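Visitor: Here you go, one structure.
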Amino acid sequence: MRAVLVVNPQATSTTASGRDVLAAALASVLKLEVVETKHFGHASEAARDAVRDGADLVIAHGGDGTVNEVVNGMFEVAGPGDPAMPTLGVVPGGSANVFARALGLPKDPVDATHHLMGALATRSTREVGLGKADERWFTFNAGIGWDAEVVAEMERQRSRGREATPALYARIALSCYFRMARGEPKLSLQIGDDHPSELLHSVFVSNTDPWTYLGSTPVRMSPETSFDTGLGVLALTKMSTYPVLRHVAEMLRGRGKPHGSNSIQAADVPHLRVACTEPLRLQVDGDCLGERSVVEFSSVPNALRVAV
């Protein structure tokens, strides 16, 4: 089996010695090429080249940003159901590793590599649905509003050398909440062909559940959503403290989907459209893509084959 291992050497949990051990183990059962990324977008380029060269397997070793780049690079060449589309393998190496955890993969890179080798030996794979924000694919979530502001601030803090810990994420989320709570709603949401809902503060879009940036604590934003369904949607109509705290508590307890008159919720959604009265930030899989005025979200079932 021909495989390409795409490694982000800057990822939180990767080390040079660790990468060598993983590569040696994989090379014992695969015809392996290793590509270490050197700049933003390099993982996409490597994955695109791997598909063009006829690779059977593309392995992403890094955080969720690396996985997202690899997935988008693969889809630049082949589409869902295309025989040329390789299987995706994931060896987590970031701080959150949301996609890998949602798939039930071990968080330790060595354990994850052994798990991957076992999956390859038994040909254990899973077809997963993905989401799209305009032309950008995402694996676990996307959003405009509160979460996108948090992601943008996290990126700023990491560029200054701060470690992306759950505590830092929580502090930034709280700070962004208070800033947004003072602002006016700027979003409208149209689910399918329904009449648009206006005066919204944030729109969260899920491709699976649970997911989390908070260490081992799962966030259950859309419990009816999985890799086998359409998208889950949660939109906030108010940012008042008590309703938002109730939402957060319900999501962290994991006892069911958030509810209340200050939100709009939907599950198994094939398509939705978000429009902004002024350009707002968009995030996908924990990466900020800049500001957008309109975003079309869609669900693509059975989009990708993953070794599990």
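The values are calculated or read from the model by the stated rules, or taken from the named source; none is laboratory data. Remember, predicted model here, so these are calculated numbers, not experimental data. Cβ coordinates were reconstructed from backbone atoms using ideal geometry, including for glycine residues, and neighbour counts include every protein chain displayed. To get the accessible areas, we keep the full protein, side chains included, count just its heavy atoms, and leave off ligands, DNA and RNA. Shrake-Rupley method; radii C 1.70, N 1.55, O 1.52, S 1.80 Å.
Visitor: Hey, among the residues in region 1-20 that are more than 20 Å from the chain's Cα centre (by Cα) and open to solvent by 40 Å² or more (accessible area, probe 1.4 Å), which one's nearest to Val51 (Cα to Cα)?
Guide: Initially, region 1-20 is screened for residues more than 20 Å from the chain's Cα centre (by Cα), giving 1-4, 15-20.
Now drop any that are not open to solvent by 40 Å² or more (accessible area, probe 1.4 Å), which leaves 1-2, 15-17, 20.
Values: Met1: 13, Arg2: 11, Thr15: 27, Ala16: 26, Ser17: 28, Asp20: 24 Å.
Here the residue is Arg2.
Visitor: If you check Val98, Val70, which single one turns out to be modelled with pLDDT of 95 or more, within 18 Å of the chain's Cα centre (by Cα) and under 27 Å from Ala25 (Cβ atoms)?
Guide: Working: Val98 fails: modelled with pLDDT of 95 or more.
Residue meeting the stated conditions: Val70.
Visitor: Would you please name the residue that is surrounded by the most Cβ atoms within 10 Å (Cβ to Cβ), looking only at residues in region 239-268 that are at pLDDT 70 or above and under 25 Å from Ser298 (Cα atoms)?
Guide: For region 239-268, the residue satisfying everything is Ser263.
Visitor: Checking Glu127 against (1) acidic (Asp, Glu); (2) free of Cβ contacts under 8 Å to residues at least 60 places away in the same chain; (3) farther than 23 Å from Gln283 by Cβ, which single condition isn't satisfied?
Guide: (2)
Visitor: Given the structure, is Asp53 at pLDDT below 95, surrounded by fewer than 24 Cβ atoms within 10 Å (Cβ to Cβ) and acidic (Asp, Glu)? Let's see the steps before the verdict.
Guide: Details: at pLDDT below 95: no; surrounded by fewer than 24 Cβ atoms within 10 Å (Cβ to Cβ): yes; acidic (Asp, Glu): yes.
In short, no.
Visitor: If you don't mind, there's one more thing I want to ask. Are any residues in region 1-41 assigned to a loop (DSSP other than H, G, I, E, B) and among the charged types (D, E, K, R), and if so, which ones? It would help to see each step written out before you state the result.
Guide: Taking region 1-41 first, the residues assigned to a loop (DSSP other than H, G, I, E, B) are 1, 8-15, 28-30, 37-41.
Residue satisfying the conditions is Lys38 alone.
Visitor: Another question, then. I'm told Glu149 meets every condition in (1) surrounded by fewer than 21 Cβ atoms within 10 Å (Cβ to Cβ); (2) modelled with pLDDT of 95 or more; (3) touching a helix residue (DSSP H, G or I) at 6+ places or on another chain (Cβ under 9 Å); (4) not aromatic (Phe, Trp, Tyr) except one. Can you identify the failing condition by its number?
Guide: All conditions are met except number (1).
Visitor: Turning to a different aspect of this structure: Would you mention how many residues in region 141-188 are within 26 Å of Ser13 (Cα to Cα), in contact (Cβ under 8 Å) with a residue 12 or more places away in the chain and not small (Gly, Ala, Ser)?
Guide: 15
Visitor: Taking Gly89 as the residue in question, decide whether it is open to solvent by less than 20 Å² (accessible area, probe 1.4 Å) and either touching an Asp or Glu at 6+ places or on another chain (Cβ under 7 Å) or at pLDDT below 95 (or both). Steps first, answer last, please.
Guide: Numbers: open to solvent by less than 20 Å² (accessible area, probe 1.4 Å): yes; either touching an Asp or Glu at 6+ places or on another chain (Cβ under 7 Å) or at pLDDT below 95 (or both): no.
Criteria not met by Gly89.
Results for (1) touching a helix residue (DSSP H, G or I) at 6+ places or on another chain (Cβ under 8 Å); (2) of a type in the set (Val, Ile, Thr); (3) open to solvent by less than 50 Å² (accessible area, probe 1.4 Å), shown as yes or no for each residue.
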| site | (1), (2), (3) |
| --- | --- |
| Gly161 | no, no, no |
| Tyr169 | yes, no, yes |
| Met180 | yes, no, yes |
| Pro185 | no, no, yes |
| Gly192 | no, no, yes |
| Glu198 | no, no, no |
| Val205 | no, yes, yes |
| Met221 | yes, no, yes |
| Glu224 | no, no, no |
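Visitor: Check every one of the strands (runs of 3 or more DSSP E) wholly within region 74-187 and list those with 2 or more residues that are more than 30 Å from Ser263 (Cα to Cα). Step through it out loud before you land on a result.
Guide: Working: elements: 87-92, 125-133, 136-138, 141-144.
Those strands (runs of 3 or more DSSP E) span 87-92, 125-133.
Visitor: OK, next. Taking the conditions exactly as written (of a type in the set (Val, Ile, Thr), within 20 Å of Pro279 (Cα to Cα) and surrounded by 14 or more Cβ atoms within 10 Å (Cβ to Cβ)), does Ile144 satisfy them or not?
Guide: On the way: of a type in the set (Val, Ile, Thr): yes; within 20 Å of Pro279 (Cα to Cα): yes; surrounded by 14 or more Cβ atoms within 10 Å (Cβ to Cβ): yes.
Considered against the rule, which asks whether it is of a type in the set (Val, Ile, Thr), within 20 Å of Pro279 (Cα to Cα) and surrounded by 14 or more Cβ atoms within 10 Å (Cβ to Cβ), Ile144 comes out as yes.
Visitor: Another question, if that's okay. Cβ-Cβ below 6 Å, separation at least six or inter-chain, first residue in region 49-70 and of a type in the set (S, T, N, Q), second in a strand (DSSP E or B) and surrounded by 24 or more Cβ atoms within 10 Å (Cβ to Cβ): which pairs?
Guide: Qualifying pairs under 6 Å: Thr66/Ala60.
Visitor: Can you tell me which residue is most open to solvent (accessible area, probe 1.4 Å) among those in region 104-118 that are over 21 Å from the mean Cα position of the chain (by Cα) and among the aliphatic types (A, V, I, L, M)?
Guide: The qualifying residue most open to solvent (accessible area, probe 1.4 Å) is Val110.
Visitor: Exactly one condition in (1) free of Cβ contacts under 8 Å to residues at least 12 places away in the same chain; (2) closer than 23 Å to Ala275 by Cβ is false for Leu231; which is it?
Guide: (1)
Visitor: Moving on to the next point. Filtering region 119-141 down to residues that are among the basic types (Lys, Arg) and in contact with a strand residue (DSSP E or B) (Cβ under 6 Å, 6 or more places away or on another chain), which residue is most open to solvent (accessible area, probe 1.4 Å)?
Guide: Selected residue: Arg126.
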